[in-house]
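Asks: Please see the structure below; I have some questions.
The values are calculated or read from the model by the stated rules, or taken from the named source; none is laboratory data. In this text, all values refer to a predicted model and were calculated from it rather than measured experimentally. Here the Cβ is made from the backbone with ideal geometry for all residues, glycine too, and neighbour counts use every protein chain on show. These area figures cover heavy atoms from the full protein model, side chains too; ligands, DNA and RNA do not enter into them. Shrake-Rupley method; radii C 1.70, N 1.55, O 1.52, S 1.80 Å.
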Amino acid sequence: MQVYATRTEQLSIGGHTYRLRVLSDKRQFSDIDGHRAHSGLSATQWGLFGQLWPSERLLAQAMHRFAVDGKRILELGCGVGLASLVLKRRGADIVASDPHPLAASFLKYNTTLNALPAVDYRRLSWDTPDPSIGRFDVIIASDVLYEPAQARFLAQIVERHAYPSAEVLITDPGHDHSQHFSQLLAEQHFTLAEERCPMDDRDTPPYRGSLLHYMRRGKAFLG
C-alpha cells in the first residue's frame, strides 16, 4: 500500500476554526497498482486529490450562509471534506461523495479532527448510475468542470438525483466548460444566478471565480 505524506491546514469559516489533513504536495499518486484504471477517474482527477483548493474554500463559505433547514444535500467531489464539514456543523442533512478511493478516509479523519459527528459518505462514480443514493433538494460541488466530459457527467447526475424542485450550487474558478454545464441544466428547466467571487486575496474585479446557483421549481420541471 502506498504511503502518502500529509500535513494539517487550519482556516476559519464563519467564526469556526477547521483543521484539515491534506497531502503535503501535489501529484503523489504513482498508481503503481493500477487503481486509477479501475476507479474510472481521469489522470487529472486522480492526481489533484488531497489539496484544499480555493474553490472549495469558496463553497464552504457559501454553505455557511446557505439556508439548510429541511433540505437533503449532496456534495459531489467532496475531496478532503471542508464544505461537508461546515454543513455538518450546522446540522444539515448532508451526504458527501467522491469517486476517489482515498476520499472516505480523509473525510473520516477530518471529521474526527474537528470533533464532529460522522458524515454520511458514498463513493459515487460520475459516469455510473447509483439509484440507491436517492434524490436531493440541493446538489453542491467545487471546481468540477475542468474537463470537457465533466459537464455532461454532472448534468446526468443532477438529472438522476435532483428533486423536481431543487437547487444546484457550483463554485468555479473560471473554466470554459461551465457554459456547457449551464446549457445542459437549462434543458432540465434550471435557471441560473451567477455571482462573481474572488478566488484569493490577489484577485481583483472582475473576479475570476463564480458561484453558479441553479434553481428549478417543480411546476417548471413538470412543464
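Asks: For residue 152 and residue 123, calculate 0.36 nm times their separation in residues minus their Cα-Cα distance, and state this gained length in nm to one decimal.
Replies: 8.5 nm
Asks: Roughly how many whole Å is it from the C-alpha centroid of the stretch 156-201 to that of the stretch 90-122?
Replies: If we compute the Cα centre of each part, the gap is 23 Å.
Asks: What value does the stretch 46-199 have for Rg/Rh, both radii from Cα atoms and Rh as Kirkwood defines it?
Replies: 0.92
Asks: Treat each spin label as a single point 7 Å out from the Cα along the C-beta direction, and report the residue 202 to residue 12 distance in nm.
Replies: Result for the modelled spin labels: 2.4 nm.
Asks: Would you rank 49, 153 by solvent-accessible area, highest first, keeping every protein chain in place and using a 1.4 Å probe?
Replies: Largest to smallest exposure gives the sequence 153, 49.
Asks: Another question about this same structure. When the chain is fully extended, how far beyond the present Cα-Cα distance does residue 67 get from residue 108, taking 0.36 nm per residue of separation?
Replies: Value of the extension gain: 12.3 nm.
Asks: Follow-up. Rounded to the nearest 10 Å², what accessible area does residue 17 show when all protein chains are kept and the probe is 1.4 Å?
Replies: 80
Asks: Per residue, how much accessible area does the stretch 165-212 show when a 1.4 Å probe rolls over the protein heavy atoms, in square angstrom?
Replies: I get 56 Å² per residue for the stretch 165-212.
Asks: Can you pull the accessible area of residue 4 for me, 1.4 Å probe, Å² to the nearest 10?
Replies: Approximately 60 Å² of residue 4 is accessible to the 1.4 Å probe.
Asks: Determine the principal axes of the Cα atoms in the stretch 110-223, then give the extent along each, sorted from largest to smallest and rounded to whole angstroms.
Replies: Projected onto the principal axes, the Cα atoms of the stretch 110-223 cover 43, 42, 25 Å.
Asks: A further question on this structure: Take peptides 164-176, 116-128, 83-95 and line them up by average Cβ neighbours within 10 Å, highest first, as a rough protection proxy.
Replies: Taking the mean over residues of other Cβ atoms within 10 Å, the ranking is 83-95, 164-176, 116-128.
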